[in-house]
Amino acid sequence: MDSKDFCYFSAGELSRLIRKREISPVEVVKAHLVRVEALEPALNSFITLLPEQATQEARVAEHEIQSGQYRGPLHGIPVGLKDLFYVKGVPNTSGSKIFDHFIPDYDSTLALKLREAGAILLGKLNLHQFAYGPTGENPDYGNMHNPWNLERIAGGSSGGSASATASDQCTFAMGTDTGGSIRIPSALCGLVGLKPTYGRLSRYGMTVLSWSQDHAGPMTRTVEDCALVMNAVAAYDPRDPSSANKSIPDFTQSLAENIKGLRVGVPREFFEDPIDSEVESYVHSAIERLGKLGATIHEISWPMYHESKAISSTVQMAEATAYHSQLMKQHSAELDPKVRLRLEAGFFISAVDYLQAQRARRLFYQKSYDLFKKVDLLAGPTVPITACNIGMGEVHVGNTLLGVIPALTQYTRPYNLNGFPAITVPCGFSKNGLPVGFQVAGKPFDEAMVLRAAFAYEQATEWHQRRPPIPK
Amino acid sequence: MEKGIRLDKETFLSMTKLLKLDEEDSHLEELFTYVEKLFPNFKVAEGMDLKEIEPMLTLIFPKE
């Protein structure tokens, strides 16, 4: 086995080899660091690299495994964290030079959980400034590039997490999702990305964007890896007031079950929105595939779906502006001009607008919840287009010209507003070789069902096995 | 969307003064264009029947 190959294994595959001591975490980390060095000039996925720390942690992992102290499937696996998860002693920029020298003195819960599981932190990953944008463009640390086409966006805001994982620079990454920031870059880069239920994963020690819609979650190359990461990080955390004290299943267990008899709802409203014809065709094929695997497909109507996007963006803008208001007074000239514009626009939302939007959100939650009396899952597109060129303010979606932000977030925002779990899996490639994402969502705290359907689909197709056209 | 709701330039300018935002012309013009476009979205809940929503629950996210 060539050591280069270690970069292309999933966490599941690597862990089986590491556990049997066929390969060592030191070799795995070394291979990844070599790859990072080779690809970073083109992809710009990382803000901070930690080669010495990672190598040291890999030596410790190797010693523990050799002495029989195997911690579990993430032991010795290289991970990247979006640069808004605090790690004690490591700079945390949140994608802004304003915080270039900010070094947290404590760990975010997710960083701590991953360390306890034995994962090896390779570095902190690039992001849209303050996670406030879906393209992965960043004037301070440079734009993130899509491994499938370097002129295209990686998506955002977790663009570095997506480009690093898709290009095999790390085995998996953690991202955050307030309007789609895990699922959008995952879909555009051909990955699996899970936004769990609001309250399922701790946000303690994570930079805030919109506290009532921020979610953390895994970005991986396979559904199995998503389940493995969820097993390591899902836990009630009293330090995060949004954390839900719910029982935690073994997320890998449901993968073994088939999907016969599951009721899959397809909201007709999805296809009333503008959508690229190639993307639409692949998504319909994916839905049909679920049917062939034994699910029953039901066309349904999702009340308030169309309004949900404006409700979500209003809540997000008001909360983001409130959270960053002090920063804006002191550093407005240093902000990404587009982020600054969004933050300033939030000042024009009145207290009444915000509270009414939150009340409308509650109604949307109830209407979404009611859908699950008739179906077990919802399925549809993740993003209505494939990755567009870097620097575009507007994009054609079918025959409609839309702003790039509303276009990219149109199918993801509703699940930030209701907080329901949603996953994206690759379901095809456009004629010009760009990945297409398929989104499956479930009822609150039923990530196991979402993973089960996504796994069944993934195993019945070969999309996840394609690799980007970058040098091996 | 409440399409009839608009933000006029005069109201916008008086608000920018109150908010002490950068009054440099080109930036304000860009901000006005941006906010004017989004303004109907901010009013999305106006006209919705929200009577059945218990007000005290507005800011408490369900954990079920």
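Does residue A:364 satisfy the condition of being within 11 Å of chain B (Cβ to nearest Cβ) and farther than 30 Å from residue B:7 by Cα? Lay out the reasoning, then the answer.
Numbers: within 11 Å of chain B (Cβ to nearest Cβ): yes; farther than 30 Å from residue B:7 by Cα: no.
No, not satisfied.
I need the full set of residues from the stretch B:33-53 which are loosely packed, with under 13 Cβ neighbours inside 10 Å and more than 8 Å from chain A (Cβ to nearest Cβ), in order please. Give the derivation first.
Taking the stretch B:33-53 and keeping what is loosely packed, with under 13 Cβ neighbours inside 10 Å, we get B:33, B:37, B:47, B:49, B:51-52.
Across the stretch B:33-53, the qualifying residues are B:33, B:37, B:47, B:49, B:51.
Every residue, every condition in (1) closer than 30 Å to residue A:338 by Cβ; (2) aromatic (Phe, Trp, Tyr), yes or no:
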| position | (1), (2) |
| --- | --- |
| A:404 | yes, no |
| A:409 | yes, no |
| A:419 | yes, no |
| A:426 | yes, no |
| A:429 | yes, yes |
| A:437 | yes, no |
| A:442 | no, no |
| A:445 | no, yes |
| A:458 | no, no |
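Listed residues A:377, A:363, A:341, A:327; which is farther than 25 Å from residue A:208 by Cα and of a type in the set (A, V, I, L, M)?
On the way: A:363 fails: farther than 25 Å from residue A:208 by Cα; A:341 fails: farther than 25 Å from residue A:208 by Cα; A:327 fails: farther than 25 Å from residue A:208 by Cα.
On inspection, the qualifying residue turns out to be A:377.
Quick one: in the stretch B:15-32, of everything that is surrounded by 11 or more Cβ atoms within 10 Å (Cβ to Cβ) and more than 7 Å from every other protein chain (Cβ to nearest Cβ), which residue is modelled with the highest pLDDT?
The initial filter retains those residues of the stretch B:15-32 that are surrounded by 11 or more Cβ atoms within 10 Å (Cβ to Cβ), namely B:15-16, B:19, B:21-22, B:27-32.
Imposing the further condition that a residue be more than 7 Å from every other protein chain (Cβ to nearest Cβ) reduces the set to B:16, B:27-29, B:32.
Numbers: B:16: 92, B:27: 86, B:28: 91, B:29: 92, B:32: 96.
Only one residue tops the list, namely B:32.
Among the listed residues A:118, A:180, identify the single one that is modelled with pLDDT of 95 or more, in contact with an Asp or Glu (Cβ under 8 Å, 6 or more places away or on another chain) and farther than 15 Å from residue A:435 by Cα. Walk me through how you get there before you give the answer.
On the way: A:180 fails: in contact with an Asp or Glu (Cβ under 8 Å, 6 or more places away or on another chain).
Testing whether each residue is modelled with pLDDT of 95 or more, in contact with an Asp or Glu (Cβ under 8 Å, 6 or more places away or on another chain) and farther than 15 Å from residue A:435 by Cα leaves just A:118.
In the list A:260, A:309, A:246, which residue meets the criterion of being within 14 Å of another protein chain (Cβ to nearest Cβ) and over 30 Å from residue A:388 (Cβ atoms)? Before the answer, list the steps.
Working: A:260 fails: within 14 Å of another protein chain (Cβ to nearest Cβ); A:309 fails: over 30 Å from residue A:388 (Cβ atoms).
Of A:260, A:309, A:246, the one residue that is within 14 Å of another protein chain (Cβ to nearest Cβ) and over 30 Å from residue A:388 (Cβ atoms) is A:246.
Restricting the stretch A:360-400 to residues that are aliphatic (A, V, I, L, M) and in a helix (DSSP H, G or I), which is surrounded by the most Cβ atoms within 10 Å (Cβ to Cβ)? It would help to see each step written out before you state the result.
Of the residues in the stretch A:360-400, the ones aliphatic (A, V, I, L, M) are A:360, A:363, A:371, A:375, A:377-379, A:383, A:385, A:387, A:390, A:392, A:395, A:397.
If we keep only those that are in a helix (DSSP H, G or I) too, we end up with A:360, A:363, A:371.
Working: A:360: 26, A:363: 20, A:371: 20.
Result: A:360.
Condition check ((1) in contact (Cβ under 8 Å) with a residue 40 or more places away in the chain; (2) farther than 19 Å from residue A:417 by Cα; (3) charged (D, E, K, R)) across all residues:
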{"residue": "B:7", "(1), (2), (3)": "no, yes, no"}
{"residue": "B:14", "(1), (2), (3)": "no, yes, no"}
{"residue": "B:18", "(1), (2), (3)": "no, yes, no"}
{"residue": "B:23", "(1), (2), (3)": "no, yes, yes"}
{"residue": "B:28", "(1), (2), (3)": "no, yes, no"}
{"residue": "B:33", "(1), (2), (3)": "no, yes, no"}
{"residue": "B:45", "(1), (2), (3)": "no, no, no"}
{"residue": "B:59", "(1), (2), (3)": "no, no, no"}
{"residue": "B:63", "(1), (2), (3)": "no, no, yes"}
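Kindly establish whether residue A:52 is surrounded by fewer than 21 Cβ atoms within 10 Å (Cβ to Cβ) and in a helix (DSSP H, G or I).
The answer is yes for residue A:52.
The values are calculated or read from the model by the stated rules, or taken from the named source; none is laboratory data. Note that the coordinates shown come from a computational prediction; the quantities given were computed from them, not determined experimentally. Note: ideal-geometry Cβ built from the backbone for every residue, glycine included; neighbour counts use all protein chains shown.
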